[in-house]
Amino acid sequence: MGTVTIGVSIAVPEPHGSLLQERRAGFGDPAAHGIPTHVTLLPPTEVDASALPAVESHLMSVAAAGRPFPMRLSGTGTFRPLSPVVFVQVVEGGAACSWLQKRVRDASGPMARELQFPYHPHVTVAHGISEEAMDRAYAELSEYEAAWPCTGFALYEQGTDGIWRKLRDFDFGGPMVPSQASPPAARGTLPTR
């Protein structure tokens, strides 16, 4: 049956997702249109295709224990020089993302794995492109803001064409967790220059 490459992430909803994907493409990132805008919970992981039912069952139990929470993005950050990445920062919802990714990668589950770097929730907007283009991404999105209620996550599979496609959504099982911070008035806006 072979292996498949899967990932688990929280999708950045519209209109924010498309806007950031277009900006990523505009910075010259060739992967932009093959990767839906997201916050990673499980990075690309190879599993036996026969394990997909166990993966889905595990993710259903993680989602059932989860609760909706407020997500807010604000400003940019970078992993350079360690990794050639510029991202939009998760400034609210990060603790919930950390809790979720630990459960997704649970040592007793079908997606148990170690991470190459410590977990840091973020939304990639440039990866592996020229330093000048990454500097531009960092500067141009430095005042970006977006917020939404996160109500679940999804399982994705990377096709042989390199495109990531959603296999299934997993909705959380409980009521909304109220925001702990007062969000800014503007949502999903870019500064005018």
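The values are calculated or read from the model by the stated rules, or taken from the named source; none is laboratory data. Quick caveat: nothing in here was measured; it's all calculated off a predicted structure. Every residue, glycine as well, gets a Cβ built from its backbone with ideal geometry; the counts of neighbours run over all protein chains shown.
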Q: May I ask you to list pairs of residues, at least six apart or on different chains, whose Cβ atoms are under 7 Å apart, with the first in the stretch 156-167 being farther than 15 Å from V39 by Cα and the second being among the aliphatic types (A, V, I, L, M)?
A: E157/V4; E157/I6; E157/L167; L167/L155
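Do we have any residue at all in the stretch 86-100 that's among the β-branched types (V, I, T), touching a strand residue (DSSP E or B) at 6+ places or on another chain (Cβ under 7 Å) and surrounded by fewer than 21 Cβ atoms within 10 Å (Cβ to Cβ)? Step through it out loud before you land on a result.
Taking the stretch 86-100 as the starting set, the residues that turn out to be among the β-branched types (V, I, T) are 86, 88, 90-91.
With the extra rule that they be touching a strand residue (DSSP E or B) at 6+ places or on another chain (Cβ under 7 Å), the set shrinks to 86, 88, 90-91.
The next check asks that each one be surrounded by fewer than 21 Cβ atoms within 10 Å (Cβ to Cβ); those that pass are 91.
Yes: the stretch 86-100 contains one or more residues that are among the β-branched types (V, I, T), touching a strand residue (DSSP E or B) at 6+ places or on another chain (Cβ under 7 Å) and surrounded by fewer than 21 Cβ atoms within 10 Å (Cβ to Cβ).
Listed here are the residues, each with its yes/no results for (1) assigned to a loop (DSSP other than H, G, I, E, B); (2) at pLDDT 95 or above; (3) in contact with an Asp or Glu (Cβ under 9 Å, 6 or more places away or on another chain).
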| site | (1), (2), (3) |
| --- | --- |
| M1 | yes, no, yes |
| I6 | no, yes, yes |
| S9 | no, yes, no |
| P13 | yes, yes, no |
| G17 | no, yes, no |
| L20 | no, yes, no |
| R24 | no, yes, no |
| P30 | yes, no, no |
| L42 | no, yes, no |
Q. Restricting attention to the stretch 64-76, does a residue exist that is part of a helix (DSSP H, G or I) and either among the basic types (K, R) or in contact (Cβ under 8 Å) with a residue 24 or more places away in the chain (or both)?
A. yes
Q) Any idea which residue in the stretch 41-63 is nearest to F153 (Cα to Cα), counting only those that are surrounded by fewer than 14 Cβ atoms within 10 Å (Cβ to Cβ) and without any contact (Cβ under 8 Å) to a residue 60 or more places away in the chain? A) S57
